[in-house]
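Data first, discussion second: the structure below is written as structure tokens.
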Amino acid sequence: MAAVVRGKNIEITPALKEYVLKHEKKVTKYFDSEVNLQAVLSIEKDTKIAELTVKVDGVVLRVVERNDDMYAAIDLGFDKIVRQIHKYKTKIARRMKGDSFHAALVEGPDAPEEEFEVVRTKKFAARPMDVEEAILQMNLIGHDFFVFLNSDTDTISVVYKRKHGKYGLIEPEF
């Protein structure tokens, strides 16, 4: 497992890094293949934030946990990642096209599989524009995301409004 622990507005002590690395076993036991873990620990005002990203076989699991205590935020984050693995284990297993899950996970209690129903399909003309224009268009129509053809990269991209009021950009990786 490749694990990276970084800090934003906080110095990562050896105790914090060891605490995160101790919890990585909660995730690695479910996979046979290489698992990459990135933990970004930060402080905003008095709130401690643990952002955990796990990448395995092209699948990305991500959680952001906030708490008054950094260790509690880390615990809650790893618990959420484990719940995501259990919730989507059959979907992830199908997508991975292999049996990289341990038998313990596959033989675990099966959660009822969700059914997804598409109730509306919308088509639109994706004209080339830059990111700033896409953000303006998104704000004009009052949505919190906008799909557009990025003129800089010539790919379909998505801009979205984040919780703190700033913007994010999603681009495909080939």
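The values are calculated or read from the model by the stated rules, or taken from the named source; none is laboratory data. All figures in this text were calculated on a predicted structure; none of them were measured in a lab. Heads up, the Cβs are rebuilt from the backbone with ideal geometry, glycines too, and the neighbour counts pull from every protein chain shown. Ligands, DNA and RNA are excluded from the accessible area calculation, which covers all protein heavy atoms including side chains. Shrake-Rupley method; radii C 1.70, N 1.55, O 1.52, S 1.80 Å.
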Theoretical gain in end-to-end length, LYS161 to ASP69 [0.36 nm per residue, Cα-Cα removed]: 30.4 nm
Span from the segment 133-174 Cα centroid across to the segment 1-74 one, whole angstrom: 27 Å
Surrounding net charge for GLY168, when Lys and Arg each add one and Asp and Glu each subtract one, Cβ distance under 13 Å: +3
Carbon plus sulfur fraction of accessible area for segment 128-170, probe 1.4 Å, in percent: 58 percent
Considering only segment 1-78, percent of DSSP beta bridges that pair antiparallel, nearest 5: 70 percent
Net charge of Cβ neighbours under 14 Å - reference LYS25; Lys, Arg +1; Asp, Glu -1: -1
Nearest-0.05 FRET efficiency for PHE145 and ALA2, computed from C-beta distance (R0 35 Å): 0.65
Extension reserve of the PHE116-LEU136 stretch, reckoned as 0.36 nm per residue once the Cα distance is removed: 4.1 nm
Heavy atoms of TYR167 accessible to a 1.4 Å probe, total area in Å² rounded to 10: 90 Å²
